[in-house]
Amino acid sequence: MDQPELTAALRSGPGVDAGGILLVAATILVFILPALIYFPPMLPSKTEALLQTHTPIGLHPSRSGLRDGRAKRALAGQHSAGPAKLRSLWVYPIKSCKGIEVSRSKVLPTGLEFDRLYTFAQLKSPFPVGVHSSDAEKSQHKWEFITQRQFPLLATVEVDLFVPDVAKARDQEDATSESFIVFRFPWVEKGLFGEFQWLLAKLGRGWRALPEMEVLLPVSFPTEDEVDARGYTFEEMSIWRDPVMALNMETELPRELRLYLGVSNRLGIFRIDPARLRPVYRCAPKESDAGYQPCIGFQDAYPLHLLNLASVRDLETIVAKDEQLQHLDPRRFRANIIIDAPAYAEETWKDIRFHHVDPSIDGDSPRFHVSCRTVRCKLPNVDQDTGLRHPVEPDRSLRKFRNVDPGAKNNGCLGMQLTPLFEKTAEPEGMETWLEVGMGVEVLGTGEHVYIAQ
């Protein structure tokens, strides 16, 4: 059948014969479908555009230091043979969203580089405020940070951090030296357009892919011109009981994110201002001892969180299992540093140093003050893959079996909070070290810990 005959057959409507239908179907399968697969009718995503000049910092899952830790074969209290060592490193550029596992990370006074630069917050008030309410009543609205405790689907918000790649950027005229964060979340519109989104996702990223939305954020703090141009505002928000003046960049958020997470209030995303960091007191070393005032960005209370894999394994033997909770994933506890040591040995440490196991490697040996235990909230109840929250575990087991700190009565504890220590604090260059997976842990001092509540 030549082209005129095919056109006539297509125009003949109900009168077209079975052979014509098969010919049209064959044409679609042979020519059109492969073209859609290799050249999908969609603009490049933000991630695809960044990959032309940048490289993501995260490890591929096949290289994760937690592969063995996520297996069920481990017995209570067991750990890898030999001295304690650093097993896995994690940064969380956006608080309470998915973390990024890295093999090496710079240590700054505020913790690991890129950690908790951003947090989501909702605008809340203790009562409904009407149109004709007084200014005093309207002023009761306050920005409060949100986490997986209230909105467990934050666990499913994927985060990537892209740093410039010199080799890729060499041939790109518009290459930039800036680093960027991209976060994404699943989203499908209703109706026919949603079906089209679904099809494009399958064609562009494989049959397992789902439609999603992406948001691009800068790593560096915006300049005054960028703040004005993009409509950002400095506003006070709170992290637990700490008031923080931070940069609200909510103009970057699509309305779909609030709907996806289930946030009924106004939703903002705040960037920590490097000039307005939060000082850390309580159990942290004093400025006179550390040589600088310990401080944090959007971390809960201390610069870094350390978790012992063997301690998680031991707790796992106690936690009641059911269909929703078959295995206690260490990622639920959202630590920066995950080590392998005898179970709960970390709770006696007061002063530690990380060093390269191979003496031929000449590198940093970062030192940390072990400030206090980590008092757990209900966030570990959230499955970090699905965003589903278990109704009771492991919170119930933590409160029952890990109520071990006299300063945190009726609360479960697991993990330790760290404050970086530096040999040279007079110059900013002296307040940087590096951590690397595989380092050994040297215990310089031990003692008792008593948590001081906020």
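Structural remarks
- Full extension of the chain between V163 and T176 gives 3.7 nm of extra length, using 0.36 nm per residue less the Cα-Cα distance.
- As a calculated quantity, the FRET efficiency between H327 and K124 at R0 = 30 Å, using C-beta atoms, amounts to about 0.30.
- Cα-based Rg and Dmax for the stretch 354-425, where Dmax is the largest Cα-Cα distance (Å): 17.6, 50
- Cross-link table K378/K409; K190/K378; K168/K424; K124/K321; K85/K350; K106/K142, entries beyond 27 Å C-alpha to C-alpha: K190/K378; K168/K424; K124/K321; K106/K142
- Rolling a 1.4 Å probe across the protein heavy atoms gives the stretch 374-431 an accessible surface of 49 Å² per residue.
- Accessible surface of the stretch 247-356 [probe 1.4 Å, protein heavy atoms]: carbon and sulfur percent: 48
- Stretched out straight at 0.36 nm per residue, the stretch from E48 to R63 would grow longer than its current Cα-Cα span by 3.1 nm.
- Accessible surface, the stretch 263-352, averaged per residue in Å² (probe 1.4 Å): 35
The values are calculated or read from the model by the stated rules, or taken from the named source; none is laboratory data. Note that the structure is predicted; figures quoted are calculated from it, not measured. Reconstructed Cβ throughout: ideal geometry from the backbone, glycine too, with neighbour counts over all protein chains shown. To get the accessible areas, we keep the full protein, side chains included, count just its heavy atoms, and leave off ligands, DNA and RNA. Shrake-Rupley method; radii C 1.70, N 1.55, O 1.52, S 1.80 Å.
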